[in-house]
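Below: one structure, written as structure tokens.
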Amino acid sequence: MRSKSYDTLAYRLALILRYFNDGETLEVKALAEEFGVTERTIQKDLNGRLAFLPIVGEDGRYTMQPYALGKFSPKDLRYFALFCGLGGLYPTLDQSMIVDILNERINHVLSIKGYAYEDISDKQTLFEHLGASIAQNHRVAFVYKEKQRVVEPYKLRNIDGVWYLIAVESTILKTFSLRKIEAFKPLKESFTPDSQILHRIETHEGSWFGTSEIEVTLRIDACVAEYFLRRDILPYQKILDSDTRRLLLSCKVAYEEEILRLSRFWIPHIIILSPSSLQAKLDTTLQSYLQSDRDEIKSDW
């Protein structure tokens, strides 16, 4: 019997998931005593909040079906924190970090700021069904950008504060925004996950997946170089050279727009050296913006 008492919903759900993931058989009465809540609350957790999990219950004892055991990593606990009202994702979420972050008694000493995370509370059912399909290795169908899709789902990932589904469609690994997924339907068709695709997803540093990668070289002004030295802002970022005036970096992206979007954010302190065609596209976009008729735009509003 575990004796420690915990007082947060997010921690309780995350730890119950961990117990299930480890193959434990859980009893309602024991869980209620451990977390200092009523048996009715635990039943609500198991039959409501965690209902999307393949849980089997009988006579107050619950287990997770064998096919789902070991499917959930520590990263998956972050998703539960999101649905329990926490706005951010934390760099680590081991047991000690959960206690520190989710415990309201010490939360006032922390000030953690990052991306403005997308609110997908209205997509919770979709999120949960996708999670179950990923755990069970079942194909799913949905409409995306007005096109019917049937995909093999591999991962739910938060990229720059926005939630995406990483899945294979017609042998191609793609990224789908959860916000744009419509008419979702889980299918009973199963698939065997490809170990090479799993490795690619886990080691991929970019925001998007494509059939090939573009290697890009950039010059960064010294006045902002510290931000690029502090952490890898660019996917597969590598320092080529540096001096008191500038920093030379290389990176790899799947699509041109990925590096153009990042470059626009750092204007005027960044220049794309190669491929030169990317800098030309960036220049064209900026010229179009600067030459737009402001008076006409204002009159439209």
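Brief remarks follow.
- In this view, the solvent-accessible surface of Tyr227, computed with a 1.4 Å probe and all protein chains in place, comes to about 100 Å².
- Annotation: per residue accessible area for the range 211-290 equals 60 Å², rounded to a whole number [probe 1.4 Å, protein chains only].
- Distance from the range 234-289 to the range 125-158 (C-alpha centre basis), Å: 33 Å
- Accessible-area value, Ile134, 1.4 Å probe, nucleic acids and ligands omitted, Å²: 30 Å²
- Prolate/oblate/rounded call for the range 171-301, Cα gyration tensor, a/c under 1.5 rounded: oblate
- Here's how it looks for Phe184: its modeled amide H is under 5 Å from those of Val143, which are all 5 or more places away or on a different chain.
- Our coupling estimate for the range 126-143, obtained by passing each phi through the Karplus curve with A = 6.51, B = -1.76, C = 1.60 and θ = phi - 60°, is 4, 4, 5, 5, 5, x, 5, 5, 5, 5, 8, 6, 10, 5, 9, 10, 6, 9 Hz, Gly and Pro reported as x.
- The phi torsions of the range 249-259, fed into the Karplus equation with coefficients 6.51, -1.76 and 1.60 and a -60° offset, translate into couplings of 10, 10, 7, 10, 10, 8, 9, 4, 4, 4, 7 Hz, rounded to whole numbers, with Gly and Pro shown as x.
- Base-10 log of normalised Debye intensity for the range 130-218 (one unit scatterer per alpha-carbon) at q = 0.12, 0.17, 0.23 Å⁻¹: -0.36, -0.71, -1.27
- Largest to smallest in accessible area, the residues Trp208, Trp163, Trp266 fall in the order Trp208, Trp266, Trp163 (1.4 Å probe, all protein chains included).
- Estimated vicinal HN-Hα couplings, Hz - the range 26-42 in sequence order (Karplus 6.51, -1.76, 1.60; Gly, Pro = x): 10, 10, 4, 4, 5, 5, 4, 5, 4, 9, x, 10, 7, 5, 4, 5, 5
The values are calculated or read from the model by the stated rules, or taken from the named source; none is laboratory data. All of these numbers come straight from a predicted model, not from anything done at the bench. For accessibility, only protein heavy atoms count, side chains too; no ligands or nucleic acids. Shrake-Rupley method; radii C 1.70, N 1.55, O 1.52, S 1.80 Å.
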